[in-house]
Amino acid sequence: MTEKRHHTSAAGSICKRVGAAGLAVAAAAGLGLAGAGAAQALGSQATATVPTCRTSGLTASFGEKLGGGMNHEGVILKLKNTSGHTCNLRGYPGLGLEDSGHRTLGSTVHWGDTYYAQDPGKKTLTLKNNQSAEAVIAWTHANAGSPEARHAGYLQVTPPANTTHKTLKLPTWVDHGRLEVTALARNVPVG
């Protein structure tokens, strides 16, 4: 019996060693996963510490003017980071119309697809200094000169998560003061 116990005891020792080695491998793998998770969390935290782009650190300009049939008109809006540091933009620009005397005109803005482009959806854009984001703005002007249209002189552009705006010259008629705009993206394909 003693031999049998000794044999069982040796087998038990082997099982314990194999079990301990298995636990050590599993623990190391767990630490590796935890380390990878911590690295991802730090990466996310680094993104979270990038400040939101402020109106004062951006320039606004128009890119390509868009035309087409059925009284549609539009333009590509560009917001360029000139703050001297990296910042984040996410979402849709706020828009408003002003007349030639800079008085606010009644207007509404629809966020999403426009006549010229599909909406790319909200994405956080990290802009290094001198990098730009764009959105496509569209409207119709079938009722030029009628009470259903607003004769604009300027466009107010408020970057996402801001309360102040830039003003761009935009002499045009806008039916019912209704504007459509896509979310900001690095590039919004037109077509």
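The values are calculated or read from the model by the stated rules, or taken from the named source; none is laboratory data. Since this is a predicted model, take the numbers as computed values, not measurements. Please note: Cβ atoms are built from the backbone with ideal geometry, for glycine as well, and neighbour counts cover all protein chains shown. Surface accessibility is based on the protein's heavy atoms, side chains included, excluding ligands, DNA and RNA. Shrake-Rupley method; radii C 1.70, N 1.55, O 1.52, S 1.80 Å.
When the accessible area of the range 51-156 is computed with all protein chains present and a 1.4 Å probe, what percentage of it is carbon and sulfur?
48 percent
Using only Cα atoms, locate the centre of the range 153-180 and the centre of the range 91-130, then give the distance between them in Å, rounded to an integer.
Taking the Cα centre of each part, the range 153-180 and the range 91-130 sit 7 Å apart.
Give the accessible surface of the range 135-188 per residue, rounded to a whole number of Å², with probe radius 1.4 Å and ligands, DNA and RNA excluded.
42 Å²
Pairs of Cα atoms under 8 Å, at least six residues apart: use those to get the relative contact order of the range 108-191, whole percent.
Working: 161 pairs, mean separation 40.2, N = 84.
Once divided by the residue count of the range 108-191, the mean separation gives 48 percent.
Using a 1.4 angstrom probe and counting only protein chains, how large is the accessible area of R103 in Å², to 10?
150 Å²
On a full-extension model of 0.36 nm per residue, what is the gain between N187 and T108, subtracting their alpha-carbon distance, rounded to one decimal in nm? Numbers along the way, then the final one.
Values: separation 79, 0.36 × 79 = 28.44 nm, distance 2.43 nm.
Value of the extension gain: 26.0 nm.
Can you work out the FRET efficiency for the pair N130 and T55, with r the C-beta to C-beta distance and R0 = 22 Å, to the nearest 0.05?
Once rounded, the FRET efficiency stands at 0.85.
To the nearest 10 Å², what's E148's accessible area with a 1.4 Å probe?
E148 has an accessible surface of roughly 80 Å² with all protein chains in place.
Suppose the Debye formula is applied to equal point scatterers at every Cα of the range 56-185; what is log10 I(q)/I(0) at q = 0.10 Å⁻¹?
Results for the range 56-185 at q = 0.10 Å⁻¹ read -0.30.
At a probe size of 1.4 Å, how large is the accessible area of K169, to the nearest 10 Å²?
140 Å²
Straight-line reach from K122: which aspartates and glutamates have a Cα under 19 Å away, not including same-chain ones fewer than 8 places off?
Here the aspartates and glutamates satisfying the reach criterion relative to K122 are D113, E134, E180.
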